[in-house]
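S.K.: Sharing a structure, written as structure tokens. Questions coming.
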Amino acid sequence: MIAQAPLDVHIENLLVFIEKAGLDTSQVQDEQTLSTCYIGALEALQGRKSKGKYRETHIVFDHDQASEFSRLLSDDDLTVLDDKNQAEVIAREPDPLVEKKAVLLGSAIECLGVLSSEHKCLFDFLITDIFLMPSKEASGGSTSSAIGVIWANPKITHRIPDVVEFIVHELTHHAMFIDEYRYGHYDHRALMSPDSWAQSAILKIARPLDKVIHSIVVAAEIVMFREKFIGHPSAPLVHPPTPRILAQLVASLDSVEQVIDRQERAGITSVSSRTKALLSGARDIVESDRLCKYRTT
């Protein structure tokens with residue numbers, strides 16, 4: 001989410017997150033103490049201890065330990081809106097390729113730091129644990145009930161740039177989780193209504209409004225990460241090519257704006273001003289001159 005909010009904003013978000021956990025932000029003196037207080041806030045707010053340290057994200061590929069982490073993603077506090085059935089996506093059997101996948105993931109994290117120091121700095125603060133578990137359906141995921149934890153399942157045929165994009169994708173979700181703690185993005189009661197669904201920018205299917213807004217911010221971040229740091233691949237393996245992402249972003253933004261407008265005309269306020277600002281920022285990215293050659297007509 002670095003392309004849509006500067007690093008300073010994310011640091012401020014972390015300080016608010018720590019305050020909401022009841023911790024004293026006067027203890028924050030530098031990056032290390034900020035990270036320590038953040039991990040303490042995770043335990044206070046979500047009851048989760050972590051072995052991760054600043055600049056030492058805990059990568060878990062032991063099957064028993066990873067299985068424990070997988071339960072965190074099955075316990076989403078918004079299970080009514082969990083339309084993708086994450087509890088059934090993660091397989092339970094051991095993965096014979098897990099060590100190779102862990103090496104690939106580690107290389108991609110290192111590569112992220114070479115490409116963008118700000119993305120890597122945000123990663124070092126936000127992501128405490130990554131666990132590897134197999135799946136026949138997905139390459140990984142995150143949930144708001146386990147902030148700081150990423151489930152990863154890269155294919156060993158993925159190239160390092162593809163895995164870097166996966167990391168940026170999941171990092172953006174976690175930045176959004178923290179941002180929501182500060183600003184409040186949605187009225188979750190309004191999201192329960194079936195008429196609040198819109199078209200996802202990533203999956204191209206109808207999903208609850210909060211998940212679609214996440215997909216928009218993620219898609220915009222991937223496009224700008226390509227533009228600024230990694231280039232626009234012709235045959236990417238994790239996300240679609242840039243022209244297709246931009247076309248899907250336009251359709252998704254149009255869909256979300258129609259839902260918000262319809263609800264507001266009915267007297268329902270489903271999203272906050274902060275959320276509207278994020279959507280406006282994503283629209284600006286889609287329409288920016290620097291990406292005009294990738295837009296389809």
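The values are calculated or read from the model by the stated rules, or taken from the named source; none is laboratory data. Quick caveat: nothing in here was measured; it's all calculated off a predicted structure. Every residue, glycine as well, gets a Cβ built from its backbone with ideal geometry; the counts of neighbours run over all protein chains shown.
S.K.: All but one of (1) assigned to a loop (DSSP other than H, G, I, E, B); (2) within 12 Å of Leu209 (Cβ to Cβ) hold for Gly267; which doesn't?
M.R.: Failed condition: (2).
S.K.: Same structure again: Tell me yes or no: at least one residue of the range 207-217 is over 19 Å from the mean Cα position of the chain (by Cα) and assigned to a helix (DSSP H, G or I). First the steps, then the outcome.
M.R.: Residues of the range 207-217 that are over 19 Å from the mean Cα position of the chain (by Cα), as a first pass: none.
Looking for residues that are over 19 Å from the mean Cα position of the chain (by Cα) and assigned to a helix (DSSP H, G or I), one finds none in the range 207-217, hence no.
S.K.: Does any residue of the range 272-288 turn out to be touching a strand residue (DSSP E or B) at 6+ places or on another chain (Cβ under 8 Å), buried (at least 22 other Cβ atoms within 10 Å of the Cβ) and assigned to a helix (DSSP H, G or I)?
M.R.: Taking every residue of the range 272-288 in turn, at least one turns out to be touching a strand residue (DSSP E or B) at 6+ places or on another chain (Cβ under 8 Å), buried (at least 22 other Cβ atoms within 10 Å of the Cβ) and assigned to a helix (DSSP H, G or I).
S.K.: Working only within the range 182-218, note down all residues that are within 20 Å of Leu122 (Cα to Cα), surrounded by 21 or more Cβ atoms within 10 Å (Cβ to Cβ) and in contact (Cβ under 8 Å) with a residue 60 or more places away in the chain.
M.R.: Of the range 182-218, the ones within 20 Å of Leu122 (Cα to Cα) are 182-183, 214-218.
If we keep only those that are surrounded by 21 or more Cβ atoms within 10 Å (Cβ to Cβ) as well, we get 214-218.
Ile216, Val217, listed by residue number.
S.K.: Among the listed residues His158, His232, which satisfies the condition of being assigned by TED's automatic domain parsing to the domain that holds Glu56, in contact (Cβ under 8 Å) with a residue 40 or more places away in the chain and surrounded by fewer than 24 Cβ atoms within 10 Å (Cβ to Cβ)? Show your work before the answer.
M.R.: Values: His232 fails: assigned by TED's automatic domain parsing to the domain that holds Glu56.
Just one listed residue meets the conditions, His158.
S.K.: Based on this model, can you work out whether Asp210 counts as touching a strand residue (DSSP E or B) at 6+ places or on another chain (Cβ under 8 Å) and farther than 26 Å from Ile156 by Cα? First the steps, then the outcome.
M.R.: On the way: touching a strand residue (DSSP E or B) at 6+ places or on another chain (Cβ under 8 Å): yes; farther than 26 Å from Ile156 by Cα: yes.
Spelling it out, Asp210 is indeed touching a strand residue (DSSP E or B) at 6+ places or on another chain (Cβ under 8 Å) and farther than 26 Å from Ile156 by Cα.
S.K.: From the set of residues in the range 133-153 that are over 16 Å from the mean Cα position of the chain (by Cα) and either under 26 Å from Pro241 (Cα atoms) or among the hydroxyl-bearing types (Ser, Thr, Tyr) (or both), which is surrounded by the fewest Cβ atoms within 10 Å (Cβ to Cβ)? Outline the logic, then answer.
M.R.: First, pick out the residues of the range 133-153 that are over 16 Å from the mean Cα position of the chain (by Cα): 133-137.
Checking which are either under 26 Å from Pro241 (Cα atoms) or among the hydroxyl-bearing types (Ser, Thr, Tyr) (or both) leaves us with 134-137.
Numbers: Pro134: 17, Ser135: 17, Lys136: 7, Glu137: 11.
Result: Lys136.
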